[in-house]
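The values are calculated or read from the model by the stated rules, or taken from the named source; none is laboratory data. All values derive from a computational prediction rather than experimental measurement. Because the Cβ atoms are built from the backbone with ideal geometry, glycine has one as well, and the counts that use them run over all protein chains shown.
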């Protein structure tokens, strides 16, 4: 299926586990999404501010700027405050409760299959489909 690059939904993936990040990145790209990736929180914040993606997926447990630090920074800027923000964690339901209370839109276990991850992302993706206005036909 041909997808126009300019109308693809863009997802920012912030994850310090290189193997996990690349596997998920390729999974999402294979399904037609444009994916930006960052290996740490600082890179993720810069990419979010510069690109304003349609959705942000972020690991909670990262060195230096952890996922909560990233979320707090992005919530402060009106360009990024409304972007759906979803956390990844290996730490279980108690961590997800904390993440949701911090303002995340959702929290996913890294144990989920990528297909399950995609199912959980779909309701959060903002529509980026351009409105197509058809020209009037002259009589």
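How about region 41-65: which of its residues are assigned to a loop (DSSP other than H, G, I, E, B), closer than 17 Å to residue 20 by Cβ and touching a strand residue (DSSP E or B) at 6+ places or on another chain (Cβ under 8 Å)? So that I can check it myself, show each step before the final result.
Of all residues in region 41-65, those assigned to a loop (DSSP other than H, G, I, E, B) come to 52-54, 60-65.
From what's left, closer than 17 Å to residue 20 by Cβ: 60-63.
Passing the criteria: 60, 61, 62.
Among the residues of region 94-139, which ones are exposed (fewer than 10 other Cβ atoms within 10 Å of the Cβ) and modelled with pLDDT under 80?
Passing the criteria: 127, 129, 130, 131, 132, 133, 134, 135, 136, 137, 138, 139.
Give the number of residues within region 7-29 that are modelled with pLDDT of 95 or more, over 15 Å from residue 67 (Cα atoms) and outside any helix (DSSP H, G or I).
Here the count works out to 2.
Within region 68-86, restricting attention to residues that are part of a helix (DSSP H, G or I) and out of contact with any helix residue (DSSP H, G or I) (no Cβ under 7 Å at 6 or more places or on another chain), which residue is surrounded by the fewest Cβ atoms within 10 Å (Cβ to Cβ)? Spell out how you get there, then give the answer.
Our first condition is that a residue be part of a helix (DSSP H, G or I); within region 68-86, this holds for 68-76.
Applying the additional criterion that residues be out of contact with any helix residue (DSSP H, G or I) (no Cβ under 7 Å at 6 or more places or on another chain) yields 68, 71-72, 75-76.
Numbers: 68: 19, 71: 22, 72: 13, 75: 15, 76: 9.
My answer is 76.
So the check is Cβ under 7 Å with 6+ separation or different chains; which pairs have a first residue in region 48-70 that's touching a residue at least 60 places away in the same chain (Cβ under 8 Å) and a second one that's assigned to a loop (DSSP other than H, G, I, E, B)?
54/9; 54/125; 54/126; 54/128; 55/83; 55/84; 55/125
A quick yes/no check of all residues on (1) over 14 Å from the mean Cα position of the chain (by Cα); (2) closer than 19 Å to residue 110 by Cβ:
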position	(1), (2)
13	no, yes
17	yes, yes
23	yes, yes
27	no, yes
45	no, no
64	yes, no
67	no, yes
77	yes, no
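Quick one: which of 32, 61 is modelled with pLDDT under 95, surrounded by fewer than 20 Cβ atoms within 10 Å (Cβ to Cβ) and under 26 Å from residue 95 (Cα atoms)? First the steps, then the outcome.
Values: 32 fails: under 26 Å from residue 95 (Cα atoms).
Step by step, each of 32, 61 is checked, and only 61 is modelled with pLDDT under 95, surrounded by fewer than 20 Cβ atoms within 10 Å (Cβ to Cβ) and under 26 Å from residue 95 (Cα atoms).
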